[in-house]
Amino acid sequence: MKRLMLGVMLLAMLAAVPAAAQPKREDPLQAEQRKLQQTQKQLREEKERVAAARARETSLLAELEEIERRLAVKQHEVTRLETRIKRALAEVQLFRGEISKLERQRAGQVNALAGRLRAMYRVHAQGGALPVILSGDDPVTRAAAVRHLASLAVLDARLIQEYRSTSERLADRKGREEAQQRELASLHDEAKREQADVDREGAKRRTILVKVRDERTYHERIVGELTEAARRLEAFIRELQAKQRKLAKVPPPKGGIEAPTVGFGSLKGRLPWPTEGRIVTGFGAQVHPRFGTRTFRNGVDIEAAVGREVAAVHAGHVIYTGWFKGYGNLIIVDHGNEYYTLYAHIAEIEAKEGEDVRQGQRIGTVGETGSLAGPRLYFEVRYQSRPLDPGQWLRQGG
């Protein structure tokens, strides 16, 4: 009986042992799933690190664009200050002219007053005006003397009043001239500070451009970004064309259709140049002489001086004006029949989006916005979204 009781107690104790204490083999499928989850987590973390690194690596074009935007703001501020300085100088000169005139006028008045004072002194030295009035027995003579003395008194009062008025005006002009001189000095100081900012931003831009020119890594990066910018521009032009067709209620063109030879299309080889200059980078495939990188140019670079006029090569409708990454200030003109011209690196855009322009009309000025090689005009001719060689469209001889 005791043995039976011991057996029952032993079984009860074994049953009370927790299941966790009993060793259990892991399911192989669950182990593989756990490993897969860990691998996926590591991949996610690695992708996040790569994305963060890419975000930190600023696009060269974006950096140049930001510098150029700041540069443009500062240059506009310098121009505005220079205009104000010119206006202030003109006002200073005007005040100086008025001051000189008033000083001469007051000098004449002083001489006139001095003459009157000398005359009055002589009269008083002879006993004053009363003996003169009473010197004659004739009432008419005395009345004439009284009127004469009264007239002299009025004249003296007027001379004194004119002298005071001239002196007040002179003091006012001198005060305004001094205030204008102070403002002029302040404007000069402000212009110097803004010009220093322009110089700093310009130095930053030049540093990047030197790296792009001399270092392969920077050169290859910029080539990749410019290629992407060209693709974005082409896609953008297709969007603009689609909008133009929609506005004109024209169906999309069918593939394989030859470019029309009417209107703009009839001017191949006869278009006037958009600006005075020479083509320094042609249309088509380009190989970098130093690094050997291959690119394709959809337009031409016309080297020209900053500020030179940019004109529409043919009558058309301006469908875009603004900044475009990789091209700087850009103007796109629709010439009808799916023909377009593009003008980039513009300094000052003078055409307005949505307006019609005539052939030869000034639409902007040559600049270097978005340019990696200095002042120039980038010019494209397109049929639909296909770039055409501008050299074949521009008339020979510039």
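Here are a few things to note about the model shown:
- Among the residues of segment 85-110, the one identified as exposed (fewer than 13 other Cβ atoms within 10 Å of the Cβ), under 30 Å from Ala157 (Cβ atoms) and among the hydrophobic types (A, V, I, L, M, F, W, C) is Ala107.
- Leu43 vs. criteria of a type outside the set (D, E, K, R), at pLDDT 65 or above and in a helix (DSSP H, G or I): yes
- Of the listed requirements (1) surrounded by fewer than 18 Cβ atoms within 10 Å (Cβ to Cβ); (2) on the phi > 0 side of the Ramachandran plot; (3) not hydroxyl-bearing (Ser, Thr, Tyr), Asp356 misses just one: (2).
- A single entry from Ile319, Ile279 fulfils the requirement of being over 17 Å from Glu355 (Cβ atoms), surrounded by 13 or more Cβ atoms within 10 Å (Cβ to Cβ) and not charged (D, E, K, R): Ile279.
- Asp389 farther than 11 Å from Val313 by Cβ, surrounded by fewer than 20 Cβ atoms within 10 Å (Cβ to Cβ) and in contact with a His (Cβ under 7 Å, 6 or more places away or on another chain): no
- Take the conditions (1) surrounded by fewer than 14 Cβ atoms within 10 Å (Cβ to Cβ); (2) touching an Asp or Glu at 6+ places or on another chain (Cβ under 6 Å); Thr365 misses just one of them, which is (1).
- Scanning segment 362-380 for residues that are over 17 Å from Glu68 (Cβ atoms) and touching a Ser or Thr at 6+ places or on another chain (Cβ under 6 Å) turns up nothing.
- Remark: Val198 falls outside the filter, which requires a residue to be β-branched (Val, Ile, Thr) and either in the same structural domain as Arg386 (by TED's automatic domain parsing) or under 30 Å from Phe291 (Cβ atoms) (or both).
- Residue selected from segment 60-74 under the condition buried (at least 18 other Cβ atoms within 10 Å of the Cβ) and of a type outside the set (D, E, K, R), by the criterion farthest from the chain's Cα centre (by Cα): Leu60
- Against the test of being closer than 22 Å to Glu201 by Cβ, at pLDDT below 95 and of a type in the set (A, V, I, L, M, F, W, C), the options Ala285, Ala373 yield a single qualifying residue, Ala373.
- In the set (1) touching a Lys or Arg at 6+ places or on another chain (Cβ under 9 Å); (2) modelled with pLDDT of 95 or more; (3) surrounded by fewer than 23 Cβ atoms within 10 Å (Cβ to Cβ), the condition left unmet by Glu338 is number (2).
The values are calculated or read from the model by the stated rules, or taken from the named source; none is laboratory data. Predicted model, so just to flag it, every value in this text is computed and none were measured. Glycine also receives a Cβ, built like all others from the backbone with ideal geometry; neighbour counts cover every protein chain displayed.
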